[in-house]
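*Asks:* First the structure, then my questions, so here it is.
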Number of protein chains: 2
Amino acid sequence: MSLEVEGADEAQTEAVTKNLVFTAAERLFALHGFQNVSVRDITAEAGVNLASVNYHFGSKDALLFEIFRRRTTELNRERARLLHEANDRHGGKPPVREILAALFIPPLRWMAPENDRRISLQFLIRARSEGTEEIRTVLRTDVTHLRRFSDALTAARPDLPDVEVYWRLHFVLGMLHNNRFSEFDRMNALADGRMGEGDTAALLERMLDFAEAGFIR
Amino acid sequence: MSLEVEGADEAQTEAVTKNLVFTAAERLFALHGFQNVSVRDITAEAGVNLASVNYHFGSKDALLFEIFRRRTTELNRERARLLHEANDRHGGKPPVREILAALFIPPLRWMAPENDRRISLQFLIRARSEGTEEIRTVLRTDVTHLRRFSDALTAARPDLPDVEVYWRLHFVLGMLHNNRFSEFDRMNALADGRMGEGDTAALLERMLDFAEAGFIR
DNA sequence: GCCAGTTTCATACGGTCGTAAGACTGCCCT
DNA sequence: AGGGCAGTCTTACGACCGTATGAAACTGGC
């Protein structure tokens, strides 16, 4: 249940322009939202020609979709691997806290201040609520990914009815997805800046404490 | 800790056209988002003239802001009243569960299927994440409203450090705000439709159980 | 050195958007 | 009777948007 970084980058490939567009778009979408960023904004930020978006991605929608698909896949893969490891560690039946940790750790790793995936997480959170119709498709595939976790939780708490598990997982995900910056900043203002955003390890423990309590009860 | 409806409508006033625009806009914004709804969509839905929005509200932004301001005020007032009643009932020091109930009950009341404020809640949740710059101003005033609750929670759990209370309140709010339909539908698909959205009274108890557990622990 | 391909470039098209301007309508007050 | 006015209507302007087009530049293979 550690936050230490691991894994290496995939081979970043081919067309520089395509990558420039991808990165600039992800960043701008994350910061200002899909609708508030024009193709012209993106290409200007990337320092490439206006037509690049349509040439390399087909359309603005397709660009959004591709970013979303890639980041979602990466996040889900990290989560699945952690869950798998937790299974190995506990003979296929990990306790609630370990399951939740597999869910929490990847986004928290990304959220770490020095991590360049911070913006990717911000993008994902935003895309989730402003999504295109096509993105809802991906979110539906996400369900099959979530099932791994609901199944694990059901196994860890066989006394709980299925529906109860789904609800609590729903609550936990809400808690997790609410970690967008604006909401955090509001709470931090309330706390006079003493909430200490930097310490993601402490945040993980806090979140696990809270979520586990709701699950164990 | 009941969900029974109460209170009467305020005097709905003056210009019919203004109200028609207000209602149509709230509905369309809630369903499709601010950016995806044009002034022409709104006036068509309301059955009024295109110029009505600018005449009665000044601009599209101002219209969004006015809807948001009114609904936020209403929600906050309901919450504040419930908190006040809880204070009266417990000599100024209500237990955690009662404080959380004051936070949860108003939006859950609105969310009830037969309630015509259902769309207002959907609007509020959406506006919170797609907000204009001006809306962030209202959210900052919201902080002073939240403080009532963080203060009450601190009083109920004097052994907990302030910061801990803020974090847990942050988690609870995330859990609450995630009750948008899309997220709920995703979980409900996972549960093969057995999550029973209709029964808001049961949902309230479930949410209180979960949140209280995280707070008491 | 030239050709086929891929990629980049400048530019323009059609469309939608928010907003403003000005004419028009109905109603109240004196 | 008529003037003032709040409200409604039609229409249009200027801006910005996503995308398509065709020419230009670049690339590696022969």
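The values are calculated or read from the model by the stated rules, or taken from the named source; none is laboratory data. What you are looking at is a predicted structure, and each value in this text was computed from that prediction instead of being measured. Cβ coordinates were reconstructed from backbone atoms using ideal geometry, including for glycine residues, and neighbour counts include every protein chain displayed. Note: accessible area is taken over every heavy atom of the protein model, side chains too, but ligands, DNA and RNA are not part of it. Shrake-Rupley method; radii C 1.70, N 1.55, O 1.52, S 1.80 Å.
Here's the yes/no breakdown for (1) within 23 Å of A:Phe210 (Cα to Cα); (2) more than 14 Å from the chain's Cα centre (by Cα); (3) part of a loop (DSSP other than H, G, I, E, B):
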position	(1), (2), (3)
A:His56	no, yes, no
A:Arg69	no, no, no
A:Arg81	no, yes, no
A:Asn87	yes, yes, no
A:Glu98	yes, yes, no
A:Ala101	yes, no, no
A:Phe104	yes, no, no
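*Asks:* Okay, moving on. Filter region A:26-47 down to the residues that are open to solvent by less than 40 Å² (accessible area, probe 1.4 Å) and within 12 Å of DNA strand D (Cβ to nearest atom), then identify the one that is farthest from the other protein chains (Cβ to nearest Cβ).
*Replies:* Within region A:26-47, the first condition is being open to solvent by less than 40 Å² (accessible area, probe 1.4 Å), and the residues that meet it are A:26, A:28-30, A:33-34, A:37, A:39, A:42-43, A:46.
Now narrow it down to the ones that are within 12 Å of DNA strand D (Cβ to nearest atom): A:28-29, A:33-34, A:37, A:39, A:42-43.
Details: A:Leu28: 15, A:Phe29: 13, A:Gly33: 7, A:Phe34: 9, A:Val37: 11, A:Val39: 15, A:Ile42: 17, A:Thr43: 20 Å.
My answer is A:Thr43.
*Asks:* Okay, moving on. Test each condition in (1) outside any loop (DSSP other than H, G, I, E, B); (2) without any contact (Cβ under 8 Å) to a residue 12 or more places away in the chain; (3) more than 30 Å from B:His32 (Cβ to Cβ) for A:Met207 and report the one that comes out false.
*Replies:* With (1) outside any loop (DSSP other than H, G, I, E, B); (2) without any contact (Cβ under 8 Å) to a residue 12 or more places away in the chain; (3) more than 30 Å from B:His32 (Cβ to Cβ) applied to A:Met207, the lone miss is (2).
*Asks:* Report, by residue number, each residue of region B:75-84 that is touching a residue at least 24 places away in the same chain (Cβ under 8 Å) and not basic (Lys, Arg).
*Replies:* Taking region B:75-84 and keeping what is touching a residue at least 24 places away in the same chain (Cβ under 8 Å), we get B:75-76, B:78-80, B:82-83.
Across region B:75-84, the qualifying residues are B:Leu75, B:Asn76, B:Glu78, B:Ala80, B:Leu82, B:Leu83.
*Asks:* Which of the residues that make up region A:118-143 are under 21 Å from A:Ala102 (Cβ atoms) and open to solvent by 70 Å² or more (accessible area, probe 1.4 Å)? Step through it out loud before you land on a result.
*Replies:* Narrowing region A:118-143 to residues under 21 Å from A:Ala102 (Cβ atoms): A:118, A:120-121, A:124-125, A:128, A:138-139, A:141-143.
Matches in region A:118-143: A:Thr141 only.
*Asks:* Being in contact (Cβ under 8 Å) with a residue 40 or more places away in the chain, within 24 Å of the chain's Cα centre (by Cα) and more than 8 Å from chain B (Cβ to nearest Cβ), is that true of even one residue in region A:183-192?
*Replies:* Of all residues in region A:183-192, those in contact (Cβ under 8 Å) with a residue 40 or more places away in the chain come to none.
So far as region A:183-192 goes, no, none of its residues is in contact (Cβ under 8 Å) with a residue 40 or more places away in the chain, within 24 Å of the chain's Cα centre (by Cα) and more than 8 Å from chain B (Cβ to nearest Cβ).
*Asks:* Now for a different question. Could you list, in sequence order, all residues of region A:58-73 that are without any contact (Cβ under 8 Å) to a residue 40 or more places away in the chain and either more than 8 Å from DNA strand D (Cβ to nearest atom) or closer than 23 Å to A:Asp142 by Cα (or both)? Working first, answer last.
*Replies:* Step one: list which residues in region A:58-73 are without any contact (Cβ under 8 Å) to a residue 40 or more places away in the chain, which gives A:58-60, A:62, A:70, A:73.
Of everything in region A:58-73, those that are without any contact (Cβ under 8 Å) to a residue 40 or more places away in the chain and either more than 8 Å from DNA strand D (Cβ to nearest atom) or closer than 23 Å to A:Asp142 by Cα (or both) turn out to be A:Lys60, A:Ala62, A:Arg70, A:Thr73.
*Asks:* Restrict the check to region A:32-50 and report whether at least one residue is under 16 Å from A:Thr132 (Cβ atoms), touching a residue at least 60 places away in the same chain (Cβ under 8 Å), touching a Phe, Trp or Tyr at 6+ places or on another chain (Cβ under 9 Å) and more than 16 Å from DNA strand C (Cβ to nearest atom).
*Replies:* No, region A:32-50 contains no residue that is under 16 Å from A:Thr132 (Cβ atoms), touching a residue at least 60 places away in the same chain (Cβ under 8 Å), touching a Phe, Trp or Tyr at 6+ places or on another chain (Cβ under 9 Å) and more than 16 Å from DNA strand C (Cβ to nearest atom).
*Asks:* Given the conditions (1) within 20 Å of B:Pro106 (Cα to Cα); (2) open to solvent by less than 10 Å² (accessible area, probe 1.4 Å); (3) out of contact with any Leu (no Cβ under 8 Å at 6 or more places or on another chain), which single one is not true for B:Asn179?
*Replies:* All conditions are met except number (2).
*Asks:* Specify the residue that is farthest from the other protein chains (Cβ to nearest Cβ); the eligible residues are those in region B:58-78 that are near DNA strand C (Cβ under 8 Å from one of its atoms) and surrounded by 17 or more Cβ atoms within 10 Å (Cβ to Cβ).
*Replies:* Pass one, region B:58-78, residues near DNA strand C (Cβ under 8 Å from one of its atoms): B:58-63.
Remaining after also requiring surrounded by 17 or more Cβ atoms within 10 Å (Cβ to Cβ): B:60, B:63.
Details: B:Lys60: 13, B:Leu63: 17 Å.
Among those residues, the one meeting the criterion is B:Leu63.
*Asks:* How about region B:144-159: which of its residues are within 13 Å of chain A (Cβ to nearest Cβ) and open to solvent by 20 Å² or more (accessible area, probe 1.4 Å)?
*Replies:* If the condition is that a residue be within 13 Å of chain A (Cβ to nearest Cβ) and open to solvent by 20 Å² or more (accessible area, probe 1.4 Å), then B:Thr144, B:Arg147, B:Arg148, B:Asp151, B:Thr154 are the ones that fit.
*Asks:* From the list B:Asp162, B:Asp199, B:Asp185, B:Asp209, which one is touching a Ser or Thr at 6+ places or on another chain (Cβ under 8 Å) and farther than 14 Å from A:His177 by Cα? It would help to see each step written out before you state the result.
*Replies:* On the way: B:Asp199 fails: touching a Ser or Thr at 6+ places or on another chain (Cβ under 8 Å); B:Asp185 fails: touching a Ser or Thr at 6+ places or on another chain (Cβ under 8 Å); B:Asp209 fails: touching a Ser or Thr at 6+ places or on another chain (Cβ under 8 Å).
Every option except B:Asp162 fails the conditions.
*Asks:* Further question: Are any residues in region A:150-199 at pLDDT 85 or above, in a helix (DSSP H, G or I) and of a type outside the set (A, V, I, L, M), and if so, which ones?
*Replies:* Passing the criteria: A:Ser150, A:Asp151, A:Thr154, A:Asp162, A:Glu164, A:Tyr166, A:Trp167, A:Arg168, A:His170, A:Phe171, A:Gly174, A:His177.
*Asks:* With (1) open to solvent by 10 Å² or more (accessible area, probe 1.4 Å); (2) more than 7 Å from chain A (Cβ to nearest Cβ); (3) in contact (Cβ under 8 Å) with a residue 12 or more places away in the chain as the list, and B:Arg168 as the residue in question, which single condition is left unmet?
*Replies:* (2)
*Asks:* Now for a different question. Run B:Gly91 past the list (1) over 26 Å from B:Leu64 (Cβ atoms); (2) part of a helix (DSSP H, G or I) and report the number of the one that doesn't hold.
*Replies:* Condition (2) is where B:Gly91 drops out.
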